[in-house]
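The values are calculated or read from the model by the stated rules, or taken from the named source; none is laboratory data. This one's a predicted model, so the numbers in the text were calculated from it and none came from an experiment. As a convention, Cβ positions derive from the backbone with ideal geometry for all residues, glycine included, and neighbour counts pool all protein chains shown.
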Amino acid sequence: MVDPILRVKGATKHFGALVACDHVDFDLKPGEIHAVIGPNGAGKSTFIKLVAGEHVPNSGEFQFCGENIGALSAAQRAKAGLARTFQVSSVVNEFNALQNVLLAVQGASGETFSFFKSAMRDDELMGPATKFLMRAGLEDRSSVLASDLSHGERRQLEIAMALAMEPKVFLLDEPMAGIGPGGSKVLTDILDQLRIEAPILLVEHDMQVVFSLADRITVLVEGRNFVTGSAEDVRKNPDVKKAYLGEVVPE
Amino acid sequence: MSITKSNAINTLLIAGLLFAALCAHVLSEPFIITMATKIAIFAIAGIGLNLALGYGGLVSFGHAAFFGIGGYVCGILASHARNFEPLTTWPFEFSGTTSMLVIWPIAIFVSSLLALLIGAISLRTTGVYFIMITLAFAQMIFYFAISWPTYGGEDGLPTYVRNSFPGVNTLNPIEYFLICFVLLLITLILCSIIVNSRFGLALQAARQNVRRVTSVGIDVYKVKLVAFVISGGITGLAGALYTDLNRFVSPSVLSWHTSGEIMIFVILGGVAHLFGPLAGAALFIVLEFVLGGFTEYWQMWLGALLLLVVLYAPKGLMGALNASWRSHG
Ligand SMILES: Nc1ncnc2c1ncn2[C@@H]1O[C@H](COP(=O)(O)OP(=O)(O)O)[C@@H](O)[C@H]1O
Ligand SMILES: [Mg+2]
């Protein structure tokens with residue numbers, strides 16, 4: 001049995017009286033896509049923020065590659081190999097697509113405090129940035145301002161930036177958000193390719209996408225673990241269907 | 001905007017300043033040379049602030065602190081050297097200096113150090129709180145300077161003659177102008193290099209989207225703090241030059257008016273435009289001169305102009321110039 005690369009025990013986050021995450025357990029093994037699903041407001045995004053270090057948890061243990069990362073800042077966790085995408089695209093709007101990816105390459109390299117060499121003429125940055133932009137299918141859009149990209153292209157840019165981090169784990173928060181049922185073929189293909197790079201914690205609302213990609217699924221309801229199991233088990237679980245209250249789980 | 005056209009405007013601006021000073025020299029108009037020198041010095045101060053405000057989005061209302069401290073470093077070092085009273089006797093005796101080449105690095109160092117202290121605390125806040133806390137720090141130093149009698153207190157500290165620079169008669173207006181002009185060029189080049197570096201990329205990204213920059217593993221607080229320190233150092237250098245221009249330094253350089261003026265250079269000229277502070281400082285000084293000739297209330301007209309710029313040309317003078325050139329060219 002392989003050791004998980006990411007292991008979370010009892011992650012808890014309160015917002016005032018609201019408990020957004022309530023003792024959530026989760027683990028991610030090398031090579032797998034482990035989806036986290038659940039109705040709106042179940043605490044999925046909050047859980048990703050806890051793992052990424054954007055929220056301070058009320059309690060919980062976070063282990064990454066065997067190390068306790070509880071004391072690391074969000075930037076330190078990203079540098080250590082946790083790359084995330086945002087549910088609502090969050091890119092640098094006045095930068096073009098290439099500059100956005102370049103920033104991610106630079107962040108991963110850890111050499112931000114360099115003052116005299118032009119970043120846009122630095123082959124060490126430009127080479128990888130161009131490559132990752134291409135991997136996300138945006139090679140023709142490299143000089144377009146991020147704010148001028150279409151919604152779908154911004155989703156791709158998010159993934160290009162995560163790729164450019166060359167992470168040990170991807171944390172993807174609804175990569176298909178706003179794309180429509182079934183997701184886009186381009187994005188699904190890109191996501192399928194991602195697992196070759198690193199295991200994925202996939203939060204996704206689109207069940208079709210989840211069942212076509214995920215190896216394991218954890219269902220969260222009201223901030224608590226509801227079920228965790230193989231995609232097959234979860235699909236057949238009658239309680240899951242009930243929890244979704246009419247949301248379609250494909251047979 | 002095409003790069004060559006914006007370059008042409010920049011070149012015109014910098015060449016215009018040099019040309020004006022040289023003409024004034026030929027026509028024996030030292031007052032005009034002094035105006036040109038003031039423009040160069042204020043432009044340097046503005047370039048310093050622009051790095052924080054324009055590129056980093058750090059709206060500091062306390063840059064008078066750095067300008068003033070740079071000015072006082074210059075004044076204090078010179079006054080000790082002239083009075084033969086050692087500034088320190090331990091761990092080594094330092095009797096002050098009248099050499100600009102020593103004064104500048106010390107002015108830059110001290111104002112950067114101050115920026116590190118002020119920045120380290122202020123950058124824990126954002127928005128209006130950041131504006132207020134930087135203002136508060138600067139006011140603290142202002143009141144301290146007023147109440148501390150050793151260096152003249154409220155009356156200020158005269159330095160009588162300009163400090164020295166090897167091979168230059170610094171008291172000759174055109175020669176002192178050329179010193180400031182060359183430093184302006186160096187500051188512009190340095191700033192353009194920094195802005196295009198990895199650090200510059202991270203700084204500009206951090207202005208737009210802190211969460212995103214953090215998520216690619218960059219410590220935004222550190223990036224902003226370093227920018228604030230460089231910014232303070234550059235503005236401090238300008239302060240030292242200003243003391244030498246006037247042969248006098250007083251607490252007024254530390255007052256919030258100075259912070260406001262430096263901010264006006266940046267906003268008038270064009271935020272996050274490399275040459276914006278130069279355009280803004282030039283416009284400000286010329287307007288002060290022209291309007292000041294007509295009316296005592298020139299600052300009201302300046303205020304009106306500032307309002308127009310903010311409302312109708314948010315990218316400042318440089319933004320407007322570049323746009324009109326593009327539509328006509
Ligand atoms: N910053 C916050 N402050 C207060 N409440 C929040 C905050 N973020 C999320 N919540 C609340 O926590 C719950 C879980 O939110 P979220 O994790 O975004 O759910 P999901 O991503 O599963 O839709 C929701 O009820 C939401 O309103
Ligand atoms: Mg969510």
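Check A:Val8, A:Val2 and return the single one that is away from ligand 2 (no atom under 16 Å from the Cβ) and modelled with pLDDT under 95. If you could, list the steps in order and put the result at the bottom.
Details: A:Val8 fails: modelled with pLDDT under 95.
Exactly one residue qualifies, and that residue is A:Val2.
Look through A:Glu124, A:Glu111 and report the one residue that is surrounded by fewer than 24 Cβ atoms within 10 Å (Cβ to Cβ), of a type in the set (D, E, K, R) and at the interface with chain B (Cβ under 8 Å from one of its Cβ atoms). Walk me through how you get there before you give the answer.
Details: A:Glu124 fails: at the interface with chain B (Cβ under 8 Å from one of its Cβ atoms).
None of the others qualify; the one that does is A:Glu111.
Confirm whether A:Leu172 is part of a strand (DSSP E or B), modelled with pLDDT of 90 or more and within 14 Å of chain B (Cβ to nearest Cβ). Spell out the reasoning first.
Numbers: part of a strand (DSSP E or B): yes; modelled with pLDDT of 90 or more: yes; within 14 Å of chain B (Cβ to nearest Cβ): yes.
So A:Leu172 passes the test.
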query: Among the residues of region B:207-223, is any in contact (Cβ under 8 Å) with a residue 12 or more places away in the chain, in contact with a helix residue (DSSP H, G or I) (Cβ under 6 Å, 6 or more places away or on another chain) and within 22 Å of B:Phe275 (Cα to Cα)?
result: no
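Quick test for you: out of A:Met176, A:Met165, pick the one residue that is within 16 Å of ligand 2 (Cβ to nearest atom) and surrounded by 23 or more Cβ atoms within 10 Å (Cβ to Cβ). Reasoning before the result, please.
Working: A:Met165 fails: within 16 Å of ligand 2 (Cβ to nearest atom).
So the residue among A:Met176, A:Met165 that is within 16 Å of ligand 2 (Cβ to nearest atom) and surrounded by 23 or more Cβ atoms within 10 Å (Cβ to Cβ) is A:Met176.
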- line: Only one of A:Asp148, A:Asp206, A:Asp215 is of a type outside the set (A, V, I, L, M), within 16 Å of ligand 2 (Cβ to nearest atom) and over 22 Å from B:Arg198 (Cβ atoms), namely A:Asp206
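Answer yes if at least one residue in region B:67-90 is in a helix (DSSP H, G or I) and among the basic types (Lys, Arg), and no otherwise.
Quick first cut of region B:67-90, residues in a helix (DSSP H, G or I) only: B:67-83.
Retained after the next criterion (residues that are among the basic types (Lys, Arg)): B:82.
Yes, the conditions are met somewhere in region B:67-90.
From the list A:Phe86, A:Phe64, which one is away from ligand 2 (no atom under 16 Å from the Cβ), buried (at least 17 other Cβ atoms within 10 Å of the Cβ) and among the aromatic types (Phe, Trp, Tyr)?
Working: A:Phe86 fails: away from ligand 2 (no atom under 16 Å from the Cβ).
Step by step, each of A:Phe86, A:Phe64 is checked, and only A:Phe64 is away from ligand 2 (no atom under 16 Å from the Cβ), buried (at least 17 other Cβ atoms within 10 Å of the Cβ) and among the aromatic types (Phe, Trp, Tyr).
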- prompt: Restricting attention to region A:63-77, does a residue exist that is within 13 Å of ligand 1 (Cβ to nearest atom) and modelled with pLDDT of 95 or more?
  reply: no
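Quick one: is A:Ala71 surrounded by fewer than 18 Cβ atoms within 10 Å (Cβ to Cβ), more than 14 Å from chain B (Cβ to nearest Cβ) and of a type in the set (Gly, Ala, Ser)? Working first, answer last.
Values: surrounded by fewer than 18 Cβ atoms within 10 Å (Cβ to Cβ): yes; more than 14 Å from chain B (Cβ to nearest Cβ): yes; of a type in the set (Gly, Ala, Ser): yes.
Here the answer is yes, as A:Ala71 does meet what is asked.
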Single condition B:Ile146 does not satisfy, out of (1) without any contact (Cβ under 8 Å) to a residue 24 or more places away in the chain; (2) surrounded by 15 or more Cβ atoms within 10 Å (Cβ to Cβ); (3) farther than 28 Å from B:Phe275 by Cβ: (1)
field: Neighbours by Cβ (under 8 Å, 6+ apart or cross-chain): first from region A:14-30, without any contact (Cβ under 8 Å) to a residue 60 or more places away in the chain and over 13 Å from A:Glu222 (Cβ atoms); second among the aliphatic types (A, V, I, L, M) and more than 16 Å from ligand 2 (Cβ to nearest atom)
entry: A:Asp27/A:Leu6; A:Asp27/A:Val8
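Among the residues of region A:141-159, what is the count of those that are in a helix (DSSP H, G or I) and either of a type outside the set (Asp, Glu) or at pLDDT below 95 (or both)? Break it down stepwise before answering.
The initial filter retains those residues of region A:141-159 that are in a helix (DSSP H, G or I), namely A:141, A:146-148, A:151-159.
Now drop any that are not either of a type outside the set (Asp, Glu) or at pLDDT below 95 (or both), which leaves A:141, A:146-147, A:151-157, A:159.
So the count comes out to 11.
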message: Please go through region A:78-108 and give me each residue that is more than 9 Å from chain B (Cβ to nearest Cβ) and either within 16 Å of ligand 1 (Cβ to nearest atom) or in a helix (DSSP H, G or I) (or both), ordered by number.
response: A:Gln87, A:Val88, A:Ser89, A:Ala97, A:Leu98, A:Val101
